[in-house]
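The values are calculated or read from the model by the stated rules, or taken from the named source; none is laboratory data. Because the structure is predicted, anything quoted here is derived from the model rather than measured. Glycine gets a Cβ as well: all are built from the backbone with ideal geometry, and neighbour counts include every protein chain shown.
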Amino acid sequence: MAQATKVTGAENVHWDLSDLFKSPTDPAIDTTLADALKRAQEFEAKYKGKVTTLPPKEFVAMMRELEEDEELAAKPDVYAYLLHSQNTEDHAAGRLLARVREAAAERGAHGVFFTLELASISDEQAERLYADPESARYKHAIEEARKFRPHQLSEPEERVLTDFSPVGNAAWNRLFEELCAGIRVDLDGRVMPLEEALVKLREPDRKVRREASGAITTALDRDVRTRAYIYNVILGEKAIDDRLRHFPTWISSRNLSNETSDEAVQALVEAVTRRYDVCVRYYRVKKQLLRVDELHEWDRYAPIGEAGRDLTWDEAKELVLGAYRRFSKRAGDLVDDFFKNGWIDAPVVMGKAGGAYCMPVTPRHHPYVMLNFAGKLRDALVMAHELGHGLHDRLASKQHLFDFHPPLTLAETASVFGEALTFDRIMSEEKDPNVRLAMLCTQCEDAFSTVFRQVAFNRFEDACHTIRRSEGELAVEQLGEIFQEKLQPMFGDALTLTDEHKVWWSYVGHFLHTPGYVYAYAFGNLLALSVYHRYLEVGPGFVDDYLEFLAAGGSTRPNELVKRLGMDITDPGFWDAGLKILDGMVTEVERLV
């Protein structure tokens, strides 16, 4: 694999996956898969038909046994996914990923009964379980399962769907991911991966940005029909699943998983779209700062002054780690473990999956962070973001497996909070007013990307799912027109998206692997802004409460958990308060200019 030409110090920062398995051919993988299948079969034989009637003590024993089984089964899945992310062109990694997913489907068929029976627990039985201190630990997990009862199929139907899952949605997503990882951009006289080319959109030279934008469009356009077909398949599969499970809208299943309501999400979407004027005002100012007559998509992330300066890996590490340690020594130490123990994969290389993520495993096993570090200041903020997820997972490790993962509506809180800590450290150490203005502009643009842009993405998804269900398969040109139609309003007359932009929907993986995901970014960002504002108000006394908030993981519904920090997300004005913070940031930019 050919690496990016720029040396950052991140070239040899790779995961150490030896605490999972030694290699893709490690015999321990087959042994683990076989053992996990055997345990699933034994679990089914032992508990099938009994879940709804077990007394508290036996119920607890069952749940602990299941936790042990899931702990074992998770490792091959995670190992295969991480390997494939490192090099989507490696056939051995792809073959292993397919094998573990097929094994997971075979194993999962023996667990279908459990999900159905847990959801069927009666009110009377639930009260008996909740009255016992030990079994009451699983109250949240039980209630989350019970709310899906109206949307479950019969056991034979659920087993068939589980059996077919390796060649369904997951297979199409793997193909999409491999196609995106294989996108090559011809730029500056050489061929580079998409991730490296996207970094060029943050270069100070407008000519460089314009050429990069055009080259990216050309690269995306080469195989867009294949990616559009995959997206249509995903849209069709989602429509069928929602119809069979009696979900009223395409987003309802996601909202239920996120522990929120259709009405609450609609209120968020409406609150954000009503305030597109904040974004428009900002880009009008940016037009003045860049001294151009008209802004286009290649100008969205153009740096102002020194905001686009380069960083080495060590400089970014020191910046991020120092920001976390200034907030809390405990948080800093937990984040430092990722650097010390080989839990990060950092360089930009050919064939590597794009973007960045934090992969949680289980409460007993540490998470892994994937980055595409290109040596820009923005990469330090991405690092802080993903390590925020990692901190969240490590603090939540005190929860049992079923309460470990927070819902998506809370999953972005720690990451955005970590970004804010890092950004504020940068600002506190920077005295030059021009650089401070440049950094404030960067902060605005990052917030707009995770609030306004993600809600615009939600509007794109909403239109695609709705049209697919009423009119059938969407043409490539139609997808482009919808994408343009939904994103242009956030810029108003301050920035014009050209026709070249129409194809840029086609590398956004969230649209496929987690339909409906994107609004959680806006939810989490506005929530995190409010949480961070609360921290600035309260001071050091807030730290312990915040860390306990993260340590709750997914054990408490979002509205109840946020109340512990003195806020109420059920208040209709809550989102307006977060949007006012963005409004204030733009007002400060206007003042400084």
Practice problem: Go through Thr556, Thr496 for me and flag whichever is of a type in the set (Ser, Thr, Tyr), in contact (Cβ under 8 Å) with a residue 60 or more places away in the chain, surrounded by fewer than 22 Cβ atoms within 10 Å (Cβ to Cβ) and touching a strand residue (DSSP E or B) at 6+ places or on another chain (Cβ under 9 Å). | Solution: Thr496
Practice problem: Take the range 23-34 and flag every residue that is at pLDDT below 95 and either over 25 Å from Ala105 (Cβ atoms) or surrounded by fewer than 16 Cβ atoms within 10 Å (Cβ to Cβ) (or both). | Solution: Ser23, Thr25
Exercise. Mind telling me which of the residues Gly578, Gly566 ends up being at pLDDT below 95 and in a helix (DSSP H, G or I)?
Key: Gly578
Quiz item: Taking the range 96-129 only, how many residues are over 21 Å from Ser154 (Cβ atoms) and either free of Cβ contacts under 8 Å to residues at least 12 places away in the same chain or in contact with a Pro (Cβ under 6 Å, 6 or more places away or on another chain) (or both)?
Solution: 8
Exercise. Give the residue, chosen from Ala384, Ala396, that is assigned to a helix (DSSP H, G or I), in contact with a Gly (Cβ under 6 Å, 6 or more places away or on another chain), at pLDDT 95 or above and surrounded by fewer than 22 Cβ atoms within 10 Å (Cβ to Cβ).
Key: Ala396
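For (1) closer than 30 Å to Thr52 by Cβ; (2) at pLDDT 95 or above, each residue gets a yes or a no:
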| site | (1), (2) |
| --- | --- |
| Gly168 | yes, no |
| Glu203 | no, no |
| Arg210 | no, yes |
| Gly214 | no, yes |
Quiz item: Can you tell me which residues in the range 116-127 are in a helix (DSSP H, G or I) and surrounded by fewer than 17 Cβ atoms within 10 Å (Cβ to Cβ)?
Solution: Asp123, Glu124, Ala126, Glu127
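A quick yes/no check of all residues on (1) part of a helix (DSSP H, G or I); (2) touching a residue at least 40 places away in the same chain (Cβ under 8 Å); (3) of a type in the set (Lys, Arg):
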site: Thr8; (1), (2), (3): no, yes, no
site: Ser18; (1), (2), (3): no, no, no
site: Ala28; (1), (2), (3): yes, no, no
site: Val51; (1), (2), (3): no, yes, no
site: Asp69; (1), (2), (3): yes, no, no
Self-check item: Qualifying residues in the range 130-156 (those that are outside any loop (DSSP other than H, G, I, E, B) and of a type in the set (Phe, Trp, Tyr)) - the one surrounded by the most Cβ atoms within 10 Å (Cβ to Cβ)
Solution: Tyr138
Practice problem: Considering only the range 6-63, state which residues are among the polar types (S, T, N, Q) and out of contact with any Phe, Trp or Tyr (no Cβ under 7 Å at 6 or more places or on another chain). | Solution: Asn12, Ser18, Ser23, Thr25, Thr31, Thr32, Gln41, Thr52, Thr53
Practice problem: Scan the range 273-293 and give yes if some residue there is within 30 Å of Arg243 (Cβ to Cβ) and in contact with a His (Cβ under 9 Å, 6 or more places away or on another chain), otherwise no. | Solution: no
Quiz item: Does Ala414 count as part of a helix (DSSP H, G or I), within 17 Å of the chain's Cα centre (by Cα) and within 28 Å of Ser253 (Cα to Cα)?
Solution: yes
Quiz item: Any chance the range 285-304 includes a residue that's buried (at least 20 other Cβ atoms within 10 Å of the Cβ), among the small types (Gly, Ala, Ser) and assigned to a helix (DSSP H, G or I)?
Solution: no
